[in-house]
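Have a look at the structure below, then the notes.
The values are calculated or read from the model by the stated rules, or taken from the named source; none is laboratory data. It should be emphasised that the depicted structure is a prediction, and the values quoted were computed from it without experimental measurement. FYI the Cβ positions are ideal-geometry reconstructions off the backbone, even for glycines, and counts take in every protein chain you see. Only protein heavy atoms, including side chains, enter the accessible area calculation; ligands, DNA and RNA are left aside. Shrake-Rupley method; radii C 1.70, N 1.55, O 1.52, S 1.80 Å.
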Amino acid sequence: LTRLALEQGLEREMALAESQASHRREQKLRERLQEESQQLERANAEINEAHDRLLVISRRDALTGVSNRRHLVDELERSVHGYRRYGIDFSLVLLDVDHFKQVNDTFGHQVGDEVLKGLATLVSTTLRDIDIFGRWGGEEFLCLLPNTSYEEALPCAERLCADLANARLIETMPNLAVTASFGVVGCCGDDDADSVMSRVDAALYEAKAAGRNRVSGLACF
């Protein structure tokens with residue numbers, strides 16, 4: 001009986017020891033899984049942040065920091081859809097720096113780059129938060145003005161034209177004055193993205209032909 005009791009006690013102790021060891025293994029496994037889960041969450045957060053940064057980069061002009069042409073085209077097509085389906089007005093202002101080649105030829109491309117960056121900053125701080133502004137290409141910039149009629153867009157372009165003519169975009173070159181020509185149109189009729197851009201380009205051409213440093217608009221018929 002004593003031997004049997006000892007054997008049963010030993011078995012209970014062994015079972016208890018095994019149970020405790022199993023519990024410790026389970027606890028360690030749970031801790032490892034929790035740590036791996038936290039590492040996975042951190043990795044996913046880093047991936048999401050990198051994705052967001054890449055998305056921003058893909059929509060920004062590398063030189064000026066404003067929207068690039070790809071983003072402008074996306075927003076233009078979205079605005080055209082809103083106009084044609086819901087009748088939501090928008091207008092476009094296309095501007096081109098006057099005699100920009102002379103700036104590059106006279107002062108160098110680095111100064112030309114500073115002019116473009118200064119212009120982008122000036123216009124960005126002048127427009128409303130809802131307005132979309134970006135570099136269309138070269139020295140051309142496009143303003144997309146949501147919920148804005150052609151009649152409302154004209155004075156906006158006039159202000160931008162005057163502000164630019166009176167500004168000095170490079171602090172170290174106070175004698176360097178820069179102007180631009182502006183074309184203005186509102187979306188109307190059966191316009192699509194191509195047709196409204198064609199019309200604003202024609203308006204810009206009229207401003208250049210009329211002597212530059214001015215605003216020309218084409219109203220809807």
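Some values worked out for this structure:
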{"read-out": "Options Leu63, Leu72, Leu94; residue that is open to solvent by 30 Å² or more (accessible area, probe 1.4 Å) and either among the aliphatic types (A, V, I, L, M) or closer than 11 Å to Arg135 by Cβ (or both)", "value": "Leu63"}
{"read-out": "Residue among Leu16, Leu116, Leu33 that is open to solvent by less than 40 Å² (accessible area, probe 1.4 Å) and of a type in the set (A, V, I, L, M)", "value": "Leu116"}
{"read-out": "Matching residues in segment 74-114 - criterion: being part of a loop (DSSP other than H, G, I, E, B), closer than 19 Å to Val196 by Cβ and in contact with a Ser or Thr (Cβ under 8 Å, 6 or more places away or on another chain)", "value": "Ile88, Asp89"}
{"read-out": "Hits in segment 165-207 (condition: over 14 Å from Val93 (Cα atoms) and among the basic types (Lys, Arg))", "value": "Arg168"}
{"read-out": "Enumeration of residues in segment 125-162 that are surrounded by fewer than 16 Cβ atoms within 10 Å (Cβ to Cβ), touching a strand residue (DSSP E or B) at 6+ places or on another chain (Cβ under 6 Å) and closer than 16 Å to Gly65 by Cβ", "value": "none"}
{"read-out": "Count of residues meeting criterion [open to solvent by 40 Å² or more (accessible area, probe 1.4 Å) and either part of a strand (DSSP E or B) or in contact with a His (Cβ under 9 Å, 6 or more places away or on another chain) (or both)] in segment 187-217", "value": "1"}
